[in-house]
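Please treat every number below as a calculation from the coordinates, not as lab data. The model shown is predicted, which means the values in this text are computed figures rather than measured ones. Note: ideal-geometry Cβ built from the backbone for every residue, glycine included; neighbour counts use all protein chains shown.
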Amino acid sequence: MNLDKIPRSNLERLLRSMPKAELHIHIEGSLEPELIFTLAQRNGVTLAYPSVEALRAAYAFTDLQSFLDIYYAGASVLLTAQDFEDMAMAYFRRAAADHVVHAELFFDPQTHTARGVSFETVITGLTRGCERAQRELGVSSALILCFLRHLSEDEAFATLEEALPYRGQFIGVGLDSSERDHPPEKFARVFARCRELDLHLVAHAGEEGPPAYIRSALDVLHVERIDHGVRCVEDPALVQRLARERVPLTVCPLSNLKLRVFDTLADHNLAALLDAGLAVTVNSDDPAYFGGYINRNFVETFAALPQLTPRHAYQLARNSFDASFVADADKQRWTDALDAVFAAA
Ligand code: ADE
Ligand code: ZN
């Protein structure tokens, strides 16, 4: 397989058809306006928008917080386990169409328990969705519980307590929501407890927050992956460390565009991060809100950054398997499938 002989004209087809893992997707962020309206009707929930079109028109964000306000409002239609299962299955169908073979899904239990929806309801519906994805679509998956960082560490501990009876149904914990002024250190003790419980650890850092938050996510929380992390480039010593330690960064280009982390996709630093030797992956974050699922992230970013080649495409898919929390045998099987696609290109 000579990656450098593959013509760039094959690139879009390869990006779409290559097997890949998605490691940064908030399942509540996959809730399309149409499904929001269907669930609102089913559950008798009144929405602040009169139509699907009016809701979609409100998706004009200026920063992370302006998105989060609408995203939490959208999640208010989720009440029953069936709702969570339907949301997950809608995502998995899109993911399967994009040749996602494995997805690690973030979910935000506090968004739901604060509205009186039990943790059990949330995890039961999502688990059913994951099981159906394997059975009906052949897509492997796992769940990662995210703590909302704008809430307190005590509230995170309370959520962990509620979750522990379901310890077998999620593989790790993460940290999401408003990054500014909520440094990883705020959650040092709850992450230490999760570490004792042998949970995988990840955290959003360096999306809107400074590179120092990436450092403290690594040194204080001991996370295994950084979600986003694109602001690491402001600290060259940190970039060297991330490369040396092969710390995966789950990058989400269309999210960064829509939340104004970069002005245009042509300004995105994905190629620079790859060329610095970082273990970067491409992901959709909140695809219903940011204009596309994982393949659209790949295709639009490669179109905007002409320095990206088939070799980079291969590397990104390869990184997604290497950075996933699955058994080595699964990584090998998917890497073999990836190699076969590129060998035939
Ligand atoms: N929750 C959902 N999407 C998020 C993002 N991009 N950053 C932080 N929290 C989130
Ligand atoms: Zn995210």
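Structure summary
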| item | result |
| --- | --- |
| The chain - mean residue ellipticity at 222 nm from DSSP helices (-39,500 (n - 2.57) per run, n ≥ 4, rounded to 500) | -14000 deg cm²/dmol |
| Taking the convex hull of Cα positions in segment 68-144, its mean projected area over all directions (nm²) | 4.9 |
| Amide H partners (placed H, <5 Å) of Leu105, local residues excluded | Ala142, Leu143, Ile144 |
| Burial order of peptide ranges 208-215, 336-343, 115-122 (average beta-carbon count within 10 Å, highest first) | 208-215, 115-122, 336-343 |
| J(HN,Hα) series, segment 235-241, from Karplus relation 6.51 cos²θ - 1.76 cosθ + 1.60, nearest Hz, glycine and proline x | 9, x, 5, 5, 4, 4, 5 |
| Per-residue ³J(HN,Hα) for segment 135-149, Karplus 6.51 cos²θ - 1.76 cosθ + 1.60, θ = phi - 60°, Hz, x for Gly and Pro | 5, 8, 10, x, 9, 7, 7, 8, 10, 10, 7, 9, 8, 7, 6 |
| Most to least packed among 250-260, 8-18 [average Cβ atoms within 10 Å] | 250-260, 8-18 |
| In sequence order, calculated HN-Hα J values of segment 99-113 (Karplus, 6.51, -1.76, 1.60; Hz; x Gly/Pro) | 6, 7, 9, 8, 9, 10, 9, 7, 9, 10, x, 5, 5, 9, 5 |
| Check: the chain dipole with +1 on Lys, Arg Cβ and -1 on Asp, Glu Cβ, in debye | 840 |
| Surrounding net charge for Leu11, when Lys and Arg each add one and Asp and Glu each subtract one, Cβ distance under 14 Å | +2 |
| Amide hydrogen neighbours beyond the local backbone of Val280, cut-off 5 Å, H modeled | Leu249 |
| Amide hydrogen neighbours beyond the local backbone of Ala203, cut-off 5 Å, H modeled | Leu175, Arg225, Asp227 |
| Selection from Leu151, Ala279, Leu308 lying farthest towards where the dipole of the chain points positive, charges on Cβ | Leu308 |
| Cut-off 12 Å between beta-carbons: net charge of the residues surrounding Pro248, Lys and Arg +1, Asp and Glu -1 | -2 |
| Net charge of Cβ neighbours under 14 Å - reference Phe302; Lys, Arg +1; Asp, Glu -1 | +4 |
| Count of Lys pairs (Cα-Cα under 27 Å; at least 8 positions apart or interchain) in the chain | 4 |
| Cα principal axis extents for the chain, largest first, Å | 56, 40, 40 |
